[in-house]
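Asks: Here it is, the structure, as structure tokens.
The values are calculated or read from the model by the stated rules, or taken from the named source; none is laboratory data. The structure displayed is predicted, hence computed values, not measured ones. FYI the Cβ positions are ideal-geometry reconstructions off the backbone, even for glycines, and counts take in every protein chain you see. What goes into the accessible areas is simple: the full protein's heavy atoms, side chains included, and nothing from ligands, DNA or RNA. Shrake-Rupley method; radii C 1.70, N 1.55, O 1.52, S 1.80 Å.
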Amino acid sequence: LAAAPAGAAGKARKPGPAEQIDALASRAAIEEVLFDYARGNDHADEAMIRGCFWPESQHKHGKFEGKSQDFVGFAMKILTVLKYCKHHISNVSIRVNVDRAFSECYYNAHHRRPDKAGTGEEDQWFEGRYIDLWERRGGVWKIIQRRGMSDWNSPVAPAEAPYSALPPGSHAERDKSDEYYRILALFEGGK
């Protein structure tokens, strides 16, 4: 929780109950956006990823620098050829100041893709951080500026077997046929 502005005596004012509840609710909403970003990457769900950013949001990650909406198009070219990917978000730190927020979180990602020879598959792991500025508009939190940091990449490793060799129905799907979407629809339908 962010400290309240200093009072007349120069001491930090303790946030009242309403401010504390709003800060906690804001933190939960921001975490959900971070998780949606990871989930959107894992299922190549372009709309879900785009929904994490305000239209004018700025983005810098690796060689890319520009609008976040353009970064999503850049990322989709990578995501749509992957056989599998998982993005894990951790160490989430959020500071809220009314309708603005700052966050840092760590990510760990695993990508399974076709190998360069086209005869098999290969794996690579990535670690880094997302450092974000946020704005709340109309009660909705979205990222207004992102700095993606790539702190570590593993060497590429050949996969022992293709991802498709896993038993059907036992693994994540890269699109909206994944069980996440089916079970979410049941939940939203009241079942």
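Asks: Please report, in whole Å, how far the alpha carbons of the stretch 49-101 spread along each principal axis, starting with the longest.
Replies: Between the extreme Cα coordinates on each principal axis of the stretch 49-101 lie 40, 26, 21 Å.
Asks: Okay, moving on. For the stretch 31-124, state which trypsin sites (Lys or Arg not before Pro) are in a DSSP loop and have at most 15 other beta carbons lying within 10 Å of their beta carbon.
Replies: Sparse-neighbourhood loop trypsin sites (Lys or Arg not before Pro): K63, K116.
Asks: Which whole-percent values make up P(r) of the stretch 64-127 when all C-alpha to C-alpha distances are grouped in 10 Å steps starting at zero?
Replies: 17, 33, 34, 11, 4, 0
Asks: Could you compute how fast the stretch 6-118 diffuses translationally, taking Rh as the Kirkwood radius over C-alpha pairs and applying Stokes-Einstein at 20 °C with viscosity 1.002 mPa s? Give it in µm² per second.
Replies: Values: Rh = 16.4 Å.
After rounding, the answer is 131 µm²/s.
Asks: Still on this structure, please answer the following. Which of the peptides 12-20, 122-130, 135-143 is most tightly packed, and how do the rest follow, judged by the mean count of other Cβ atoms within 10 Å per residue? Write out the running numbers ahead of the final one.
Replies: Values: 12-20: 11.3, 122-130: 16.6, 135-143: 14.9.
Those peptides, ordered most packed to least, come out 122-130, 135-143, 12-20.
Asks: In addition: Between E19 and N108, how high is the FRET efficiency from 1/(1 + (r/R0)^6) when r is the Cβ-Cβ distance and R₀ = 35 Å? Nearest 0.05.
Replies: About 0.55, to the nearest 0.05.
Asks: Rounded to the nearest whole Å², what accessible area per residue is found for the chain with the 1.4 Å probe?
Replies: 59 Å²
Asks: Suppose every K and R has +1 on its Cβ and every D and E has -1 on its Cβ; what is the size of the dipole of the chain about the Cα centre, in Debye to the nearest 20?
Replies: Roughly 640 debye for the chain.
Asks: Pop out the carbon and sulfur fraction of the accessible area of the chain as a percent, whole number, probe 1.4 Å.
Replies: 57 percent
Asks: So how compact is the chain: Cα radius of gyration and Dmax in angstrom?
Replies: When restricted to the Cα atoms of the chain, Rg and Dmax are 19.5, 71 Å.
Asks: Using the Cα atoms of the stretch 52-164 to build a convex hull, what is its mean projected area in square nanometres?
Replies: That works out to 8.2 nm², a quarter of the Cα hull's surface.
Asks: Also, I was wondering about something else. Just name one of A172, A18, I89: the one whose Cα is farthest towards the positive end of the charge dipole of the chain (beta-carbon charges, Lys/Arg +1, Asp/Glu -1).
Replies: A18
Asks: Given an 8 Å cut-off on Cα distances and at least 6 residues of separation, report the relative contact order of the chain as a percent.
Replies: That works out to 19 percent.
Asks: Then there is this: Evaluate E = 1/(1 + (r/R0)^6) for E160 and F187, where r is the Cβ-Cβ distance and R0 equals 45 Å; express this FRET efficiency to the nearest 0.05.
Replies: Efficiency for this residue pair is about 0.80.
Asks: Evaluate 2.2 N^0.38 Å with N set to the residue count of the stretch 27-78, then give the Cα radius of gyration divided by it.
Replies: 1.09
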